[in-house]
1. Since Ser15 meets every condition but one in (1) among the polar types (S, T, N, Q); (2) near the ligand (Cβ under 10 Å from one of its atoms); (3) in a loop (DSSP other than H, G, I, E, B), which condition does it not meet?
2. Just to be sure, is Pro316 surrounded by fewer than 21 Cβ atoms within 10 Å (Cβ to Cβ), touching a helix residue (DSSP H, G or I) at 6+ places or on another chain (Cβ under 8 Å) and in a helix (DSSP H, G or I)?
3. Can you tell me which residue among Leu230, Leu226 is in the same structural domain as Leu353 (by TED's automatic domain parsing), outside any strand (DSSP E or B) and either small (Gly, Ala, Ser) or within 16 Å of the ligand (Cβ to nearest atom) (or both)?
4. Among the residues of the stretch 157-177, is any under 24 Å from Ser367 (Cα atoms) and in contact with a Phe, Trp or Tyr (Cβ under 9 Å, 6 or more places away or on another chain)?
5. Could you please let me know if Thr69 is under 30 Å from Ser367 (Cα atoms), within 15 Å of the ligand (Cβ to nearest atom), hydroxyl-bearing (Ser, Thr, Tyr) and more than 18 Å from the chain's Cα centre (by Cα)?
6. Within the bounds of the stretch 174-187, is there any residue that is within 16 Å of the ligand (Cβ to nearest atom) and polar (S, T, N, Q)?
7. Select from the stretch 72-97 the residues that are free of Cβ contacts under 8 Å to residues at least 60 places away in the same chain and part of a loop (DSSP other than H, G, I, E, B) and write down the one among them that is nearest to the ligand (Cβ to nearest atom).
8. Mind checking which pairs have a first residue in the stretch 203-221 that is assigned by TED's automatic domain parsing to the domain that holds Ile189 and a second that is exposed (fewer than 11 other Cβ atoms within 10 Å of the Cβ), Cβ under 6 Å, 6 or more apart or different chains?
Amino acid sequence: MSSTTARSRPTAIGSKPRLLLIGAGHAHLHLLHQSSLLSRFDVTLVDPGAFWYSGLASGVLAGDHSPATDRIDPATLCLGRGVALVRARLCGLNTDVRQALLSNGTSLAFDRLGLNLGSAPVLRSSDDEASGDSAASLPGDKQTHWQIKPIPHLVRLRRSLERRFQRRQSVSVEILGAGASGVEIACAIEALGRHHQLAAGALTIRLRHRGSGPLPEAPARARRYLLAALERRGILVVDSHHDRHLPASDIVDATGLGPPRGLEKFGLPTIDGRGIAIDPSLKVQGTDGVFASGDCAALIDHPLPRLGVHGVRQGPVLARNLIASLDPQTSLTSYRPPARALSIVNLGHGEALALYGNAWWGGRLASRLKRHLDLSFMQRTRSLR
Ligand SMILES: Cc1cc2nc3c(=O)[nH]c(=O)nc-3n(C[C@H](O)[C@H](O)[C@H](O)COP(=O)(O)OP(=O)(O)OC[C@H]3O[C@@H](n4cnc5c(N)ncnc54)[C@H](O)[C@@H]3O)c2cc1C
């Protein structure tokens, strides 16, 4: 790894084109493994922190994995691969003169640019509050609000809960949103409480939905399996239309992810609520040599759910197209999203619910498969060193 000093210099004649990668997301981590790409470019990665893998996040919250298991420091990947790392955020972009402005006050010149910035929780409006997506605080207690991304928020939530469990304080958590993340978080908090052998009634967990129940898109029998699992864990499923303003010490917002905040300041074409507009080659619409991938990118005419799996699958396409973009005679490859993707929802206590299109199965085998896939992904990604 070269130093963390930012550069702003034009390409010298005969030197390699400069590839600037903003964000250590799934697709960009894949690029750090591609020697054919690294040999063609002078590469710089910009990220303020670390890569956190959301597949293991619920296991970390449940106390089954340490936070370190879920985290990769990009410095360890850049080291020895000739990739410069700058610990900063992108805060401005001028694609005409090919300059990126960073939060450390410096700017970097580039010939090719990759954006893999992830996503952020959608900000809740006063309409959401009015529709019952809120909870009253317990008398005399302050209420803590938690976001589920970036993942370190969940590490802080675990530490806060553990402190209170150790002091034998009672805790009531309201989870807003009963999609896969909300369900995983409810189950993880219950599992964490069980590890601490809490007295009956010391922990209340409510999973709040807006009338369609948990995992509304899953097959009916899978949903019945899930409801039974939630009931066994004592997790209350509540409907915003009927149960309003129940007291809670903690609110966890799992209502959904949207584009990173402030995306519009980069002056790139965006699709409202979805992200930076890209064509199937992952090239940002109307630009030359600027690519975007993962949650921050929106394939025109093909909305995708915000899932890490797309970032992972886009990695090889991005690598190929960055190299191809150096030769005007070579055409770019398209990213073809899979028609369906395996999703495994962690229910804690060694149980999970696997969903693949209309097929599903629940139990210990699904949990073992999830654990195997997630830990193998982390091992593979770390071994890029
Ligand atoms: C609780 C939870 C569980 C989930 N479980 C799953 C799951 O099991 N399977 C699944 O497929 N998906 C899951 N997801 C969705 C998954 O988290 C996202 O789809 C995935 O992280 C997106 O990956 P990415 O590569 O786009 O970006 P990320 O992996 O989020 O990386 C983005 C990077 O960009 C950096 N960055 C952001 N802004 C800037 C900036 N301005 N300048 C420089 N760097 C910046 C960040 O520091 C970060 O390192 C889950 C989400 C949550 C919240």
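1. Here Ser15 meets the rest and fails (2).
2. Spelling it out, Pro316 is indeed surrounded by fewer than 21 Cβ atoms within 10 Å (Cβ to Cβ), touching a helix residue (DSSP H, G or I) at 6+ places or on another chain (Cβ under 8 Å) and in a helix (DSSP H, G or I).
3. Matching residue, one of Leu230, Leu226: Leu226.
4. Among the residues of the stretch 157-177, at least one is under 24 Å from Ser367 (Cα atoms) and in contact with a Phe, Trp or Tyr (Cβ under 9 Å, 6 or more places away or on another chain), which makes the answer yes.
5. no
6. Within the stretch 174-187, one or more residues are within 16 Å of the ligand (Cβ to nearest atom) and polar (S, T, N, Q).
7. Arg89
8. Between residues of the stretch 203-221 that are assigned by TED's automatic domain parsing to the domain that holds Ile189 and residues that are exposed (fewer than 11 other Cβ atoms within 10 Å of the Cβ), the close pairs are Pro219/Asn358.
The values are calculated or read from the model by the stated rules, or taken from the named source; none is laboratory data. Only a predicted model underlies this, so the values are computations on that prediction, with no experimental measurement involved. No Cβ is skipped: glycine too gets one built from the backbone with ideal geometry, and neighbour counts run over all protein chains shown.
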